[in-house]
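The structure appears below as structure tokens.
The values are calculated or read from the model by the stated rules, or taken from the named source; none is laboratory data. Bear in mind that the values here come from a model prediction, so they are computed numbers and not experimental data. All Cβ positions, glycine included, derive from the backbone under ideal geometry; neighbour counts span all protein chains shown. Note: areas computed on protein heavy atoms with side chains; ligands, DNA, RNA excluded. Shrake-Rupley method; radii C 1.70, N 1.55, O 1.52, S 1.80 Å.
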Protein chains: 2
Amino acid sequence: MAETAAHPASVTQDPFIKSLLMLIRAHDSSGAWETVTDDEIIDPFIVTKEQRREIPLIGDPDPDILWRLELFYNCIGMAIEKRTGHACAPIMKINHEGWGRMLLTAGRLVVINAYLRDLHRFGFDSVEAMIDKAAKIIEAGVTAIEAFPQVAATAA
Amino acid sequence: MAETAAHPASVTQDPFIKSLLMLIRAHDSSGAWETVTDDEIIDPFIVTKEQRREIPLIGDPDPDILWRLELFYNCIGMAIEKRTGHACAPIMKINHEGWGRMLLTAGRLVVINAYLRDLHRFGFDSVEAMIDKAAKIIEAGVTAIEAFPQVAATAA
């Protein structure tokens, strides 16, 4: 892990980052992370362009990366549910070369359909970039549900 | 593999079984299965109740089983595409305990949403049972597309 730069409080108070922290800390059943700061938990999500270039695209992607990817999209699903009232179920299929597909579905509606690649290098330039990216995906999901509310409400 | 009982020609002439055979034989790039009969190829899909009871639900499910499961649903996707003109993309996520979820999506529509379990024992009582099961799933998929044709036609 690289050195952890303290993020401004405004960033860790962002609703998306807050729910991501909550989701991650929920995995800490033994209390091992109680002394780990929010910054340290968010840090592995931040991979700068320079760091990214140094990560080779060979071998299976690190399971921790896939775990972070799932958390990121679970958090997006939670945010979409908060805004629309429709629960979003995630399904992710990543092959061993580090590319694949992530879906969030609500009822019979495909809310988010993301094709993912180069997942060995999954990460964001900065916390702000992560928040921006999440906001865009959430917006797209909310728009999809607003376009087809009846489909989202139909059990599949 | 159990002894292979010859299935009546009417069964191997069934359109679903024919397209399943075609999909499977398409994997045979080296010609190794040229002398393998259609019956022998279909046989592993047939698991009687007695055989099923003897298969323990421990350890990871056999990759060959997951391969057959994917083929079965790919074939269903092909049949739905043939009837409706909408291509169906499969996405499958099975955990190591042998249960999970299989989706077929067309555009923004979830055409098939199948929760799967006990996959160590995946198979059908008979070829006829497999054809019946496939026909029911295909019918459900076609019905979903007919209910929301606009959603199936919207790119996700």
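Worth pointing out:
- Using a 7 Å Cα-to-Cβ projection, B:GLU146 label spacings across copies, nm, ascending: 3.4
- Global form of the protein assembly as shown, assessed from the alpha-carbon gyration tensor, a/c cut-off 1.5: prolate
- Other protein chain Cβ atoms within 10 Å, averaged over every residue that makes up A:105-113: 6
- Close amide H pairs (under 5 Å, H built 1.01 Å from N) link A:LEU116 with A:GLY100, A:ARG101, A:MET102, residues at least 5 positions away or on another chain.
- Counting 0.36 nm for each residue step from B:ARG83 to B:LYS49 and taking away their Cα separation leaves a gain of 9.0 nm.
- Fraction of beta bridges assigned by DSSP in chain A that are antiparallel (%, nearest 5): 95 percent
- Remark: the range B:33-44, residue by residue, has Karplus-estimated 3J(HN,Hα) of 9, 4, 8, 7, 7, 4, 4, 5, 6, 6, 3, x Hz, where x stands for each Gly or Pro and the curve is 6.51 cos²θ - 1.76 cosθ + 1.60 at θ = phi - 60°.
- Protein accessible surface hidden between A and B, which excludes ligands and nucleic acids, total in Å², probe 1.4 Å: 1800 Å²
- Summed side-chain charge close to B:LEU69 - residues other than B:LEU69 whose Cβ falls under 13 Å, Lys, Arg +1, Asp, Glu -1: +2
- The range A:44-102 versus the range B:110-138: alpha-carbon centroid distance in Å: 30 Å
- Helix-only [θ]222 nm of chain A, DSSP H runs n ≥ 4, -39500 (n - 2.57) each, per residue, nearest 500: -14000 deg cm²/dmol
- Counting every C-alpha pair in the range B:20-83, the share spaced more than 16 angstrom apart comes to 58%.
- Bridge orientation summary for the protein assembly as shown: considering DSSP beta bridges with both residues in this region, about 95 percent are antiparallel.
- Between copies, the label points of B:GLN51, set 7 Å from Cα on the Cα→Cβ line, lie 5.1 nm apart, reported in increasing order to one decimal in nanometres.
- Whole-percent carbon and sulfur share, accessible surface of the range B:1-86, 1.4 Å: 54 percent
- Overall dimensions of the range B:61-110 by Cα: Rg and Dmax, Å: 11.9, 36
- Shielding by other protein chains, A:90-99, mean Cβ within 10 Å: 2
- The mean sequence distance of close C-alpha pairs (under 8 Å, at least 6 residues apart), as a share of the length of chain A, puts its relative contact order at 25 percent.
- Normalised by 2.2 N^0.38 Å, with N the number of residues, the alpha-carbon radius of gyration of the range A:1-125 equals 1.12.
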